[in-house]
Amino acid sequence: MKELPIPTFPLSPISLPRWFPQFRLPKPDKRNGLPLQGKVTAKTKQAGGIEVQWAKHLDEVREAQRLRYNVFAKEMGARLNTKVAGHDVDLFDDYCEHLLVRDQASGEVIGTYRVLTPAQAKRIGSTYSDIEFDLTRLRNLRERMVELGRSCVHPDHRHGGVIMSLWGALTEFMVRNQLDTMIGCASIPMVSNGVVNGDVAASIWKQLSKTHLAPIEYHVRPRLPLPVEDLNGDLLVEPPALIKGYLRVGAKVLGAPAWDPDFNCADLPLLMRIQDLPSRYRKHFLGT
């Protein structure tokens with residue numbers, strides 16, 4: 001197995017915000033003389049026969065990329081430009097931390113996220129979200145902002161336990177690294193019965209713009225906007241389960257959706273801050 005290099009540069013010393021004091025940060029481990037703040041190497045057993053871990057080897061990243069390919073390309077019909085057959089691989093992967101959920105019985109990776117830290121975003125020059133949106137108004141958040149991406153779960157395991165396990169590990173990662181903001185693109189599928197139709201996405205955007213829109217100082221603009229004005233935005237539809245989950249934990253929509261033709265979806269820009277976690281989720285994830 002090929003050991004992964006340490007992609008996360010040491011984070012600059014910064015003071016903790018007021019809402020951190022009750023959570024004691026662990027001392028970073030050392031490897032080759034560098035802080036290991038970006039990695040959580042131990043497996044965490046969870047109820048329901050699953051375990052959560054951060055990828056330590058390239059072959060573990062490949063497992064996540066195979067799952068992503070099966071979900072995005074085979075299930076959703078995405079057109080992926082990948083250099084490894086049967087895997088979803090892009091230029092951001094080498095700069096990201098990869099979070100995995102395994103089924104303990106089979107050992108199979110059944111859920112994944114990738115996480116781009118501020119240090120790594122500086123190294124590569126942008127986040128994935130920058131490709132789809134003008135994030136100028138978020139510039140003051142970038143020093144403590146991570147990007148979540150490529151979230152997917154195996155179709156046989158799409159229940160709350162997998163997502164909650166992923167979110168619990170992500171929250172611990174944020175606190176460990178003194179980060180407070182998460183952003184990402186949440187996808188709304190646009191293919192129905194083999195036909196591309198944006199009415200569902202337009203309707204979801206219209207609903208959420210009334211109930212979950214972020215303050216104007218955080219609004220972003222899509223680089224390739226979904227033409228919502230030309231679509232039927234009055235359908236009585238619910239957001240996908242993952243988006244509803246984000247909203248329950250305090251996420252806000254940053255603006256109108258972008259159109260991603262390669263993934264056959266509309267992407268909503270979302271932002272979530274640890275300080276906005278509802279009390280019941282704060283207790284569940286942080287014990288405070």
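Taken together, the values in this text are just the output of simple stated rules run on the coordinates, not laboratory data. Quick caveat, the model's predicted, so the values are computed rather than measured. With ideal geometry, Cβ positions are generated from the backbone for all residues, glycine too; neighbour counts draw on all protein chains shown.
Could you say whether any residue in region 225-234 is assigned to a strand (DSSP E or B), over 26 Å from GLY160 (Cα atoms) and under 17 Å from the mean Cα position of the chain (by Cα)? For region 225-234, residues assigned to a strand (DSSP E or B), over 26 Å from GLY160 (Cα atoms) and under 17 Å from the mean Cα position of the chain (by Cα): absent.
Does region 209-229 include one or more residues that are among the acidic types (Asp, Glu), surrounded by 14 or more Cβ atoms within 10 Å (Cβ to Cβ) and under 29 Å from GLY77 (Cβ atoms)? For region 209-229, residues among the acidic types (Asp, Glu), surrounded by 14 or more Cβ atoms within 10 Å (Cβ to Cβ) and under 29 Å from GLY77 (Cβ atoms): absent. So the check is Cβ under 9 Å with 6+ separation or different chains; which pairs have a first residue in region 75-95 that's closer than 17 Å to VAL153 by Cα and in contact (Cβ under 8 Å) with a residue 40 or more places away in the chain and a second one that's of a type in the set (S, T, N, Q) and not in a loop (DSSP other than H, G, I, E, B)? Here the result reads MET76/SER187; ASP88/GLN65; ASP88/ASN70, each pair linking region 75-95 to a residue that is of a type in the set (S, T, N, Q) and not in a loop (DSSP other than H, G, I, E, B). May I ask you to verify whether GLU217 is without any contact (Cβ under 8 Å) to a residue 24 or more places away in the chain and in a helix (DSSP H, G or I)? No: the conditions fail for GLU217.
For region 121-140, a residue qualifies if it is in a helix (DSSP H, G or I), free of Cβ contacts under 8 Å to residues at least 60 places away in the same chain and surrounded by 14 or more Cβ atoms within 10 Å (Cβ to Cβ), and the qualifying residues are ALA121, ILE124, TYR128, ASP130. The residue that is nearest to ASN81 (Cα to Cα), counting only those in region 96-120 that are touching a residue at least 60 places away in the same chain (Cβ under 8 Å) and outside any strand (DSSP E or B), is CYS96.
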